[in-house]
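Comments concern the structure below.
Since every read-out is calculated from the coordinates, none of them should be taken as a lab result. The structure presented is a predicted model; accordingly, all values stated were derived computationally and were not measured. When we count neighbours, we look across all protein chains shown, and the Cβ atoms used for this are built from the backbone with ideal geometry, even at glycine.
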Amino acid sequence: MSSSSDPPIVCSLPRVTIVGAGRVGSTLAQRIAEKNLADVVLLDIVEGMPQGLALDLMEARGIELHNRQIIGTNNYIDTSGSQIVVITAGLPRKPGMSRDDLLLTNAKIVVEAAKNAIAHSPNAIFIVVTNPLDVMTYLAWQATGLPRHRIMGMAGVLDSARFETFIALELGVLPADVKAMVLGSHGDLMMPLSGYATVNGIPITELLDAPTIERLVQRTRNGGAEIVELMQTGGAFFAPASATSMMVESIVLNQSRLLPVAAYLQGEYGLEDVVIGVPCRLGCSGIESVLELTLTDEEIAALKVSAQSVRKNIDQAQKILTTKM
């Protein structure tokens with residue numbers, strides 16, 4: 001029993017900052033708040049937009065039955081003390097563009113966002129969503145100087161979910177019964193692993209023939225572009241927001257889930273000084289460990305080709321930033 005002279009108890013709630021209030025960022029804010037995971041700070045350079053989105057989300061709290069605070073701002077000061085910072089800021093793809101075509105435009109945006117965010121939340125864990133994702137994650141890691149377990153990119157969760165969706169549609173089974181794993185870069189060289197894809201524990205190689213599996217693999221690689229071509233005015237945002245929300249949940253709730261994320265490697269899979277998608281355990285400290293799967297010689301070779309492509313783009317981006325900043 002406390003006396004009237006005791007100081008008031010202040011409860012510290014998890015806070016997640018989302019840099020970029022576009023479709024992915026605003027949908028992610030909704031996911032996090034409505035799952036009751038954390039308070040959310042939605043930041044964007046467009047005056048009034050994040051404030052309006054935050055107010056709109058706040059007005060839904062009574063309907064959605066949660067009491068999370070959602071703040072919209074144009075000032076990084078308001079992001080202070082965040083446990084997690086998610087960077088979604090950057091230009092989206094347009095029809096005919098690859099993720100790598102965004103390299104020149106988005107590199108400067110992500111580096112500035114990372115530096116500003118870390119200045120106000122020095123203990124935060126960073127998740128990068130901006131494309132080209134593997135390169136942007138590397139640049140954010142370099143800009144913040146964070147240990148590698150505290151910075152990662154969202155890619156494999158989304159790509160794996162797409163692979164699972166296409167398998168479920170092909171077989172007419174419940175999507176929740178399908179489990180899959182996609183490694184490598186978030187692009188045309190990603191690696192959907194058919195040997196690790198199952199339906200209620202049954203390998204898809206027992207359920208589908210090789211040509212069908214290859215067709216689903218190719219559709220997974222083209223998953224983002226397929227949506228861009230259909231929409232014409234932007235890219236995917238519902239599934240990317242859900243994938244990022246899953247990562248946030250595993251960290252905030254310390255679930256230690258095994259998820260494929262873009263991580264900085266130091267010898268794992270024979271790769272050094274590159275960010276690429278690999279299976280990791282995610283908990284309250286970020287990346288708790290990297291799991292090295294047993295891959296075929298063909299898969300190891302493909303992973304190295306994927307990493308070489310990422311490394312080439314990293315070198316190109318660093319050259320651009322050195323020249324322009």
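Given DSSP loops and a limit of at most 13 other Cβ atoms within 10 Å, what is the longest stretch of the chain that contains no such GluC sites (Glu not before Pro)?
Numbers: sites that count: 47, 59, 292.
Answer - 60-291.
Taking every pair of alpha-carbon atoms in the stretch 146-230, give the share separated by more than 16 Å as a whole percent. Everything past 16 Å amounts to 51 percent.
Taking only DSSP H segments of four or more residues, each worth -39500 (n - 2.57), what value at 222 nm results for the chain once the sum is divided by all its residues, to the nearest 500 deg cm²/dmol?
Details: 10 runs with 136 residues, N = 325.
Only helices count here, giving -13500 deg cm²/dmol.
What does the net charge come to around residue 254 if you take all other residues with beta carbon closer than 11 Å to its beta carbon, with K and R at +1 and D and E at -1?
Values: positive: 257, 281; negative: 249, 288.
For residues surrounding residue 254, the net value is 0.
The rule of thumb for compact globular proteins, 2.2 N^0.38 Å, goes into the C-alpha radius of gyration of the stretch 193-259 1.44 times. Principal axis analysis of the Cα atoms in the chain yields extents of 71, 50, 40 Å, listed in decreasing size. Gap in Å between the Cα centre of the stretch 131-164 and the Cα centre of the stretch 252-278? Their Cα centres are 9 Å away from one another. Take the convex hull of the alpha carbons in the stretch 156-319; its mean projected area over all directions comes to 10.7 nm². With the simple spin-label model, which puts each label point 7 Å out from Cα in the Cβ direction, the residue 174 to residue 238 separation comes to 2.1 nm.
Quote the Stokes-Einstein diffusion coefficient, in whole µm² s⁻¹, for the stretch 15-153, based on the Kirkwood radius over alpha carbon pairs, a temperature of 10 °C and a viscosity of 1.306 mPa s.
Numbers: Rh = 15.0 Å.
Here the translational diffusion coefficient equals 106 µm²/s.
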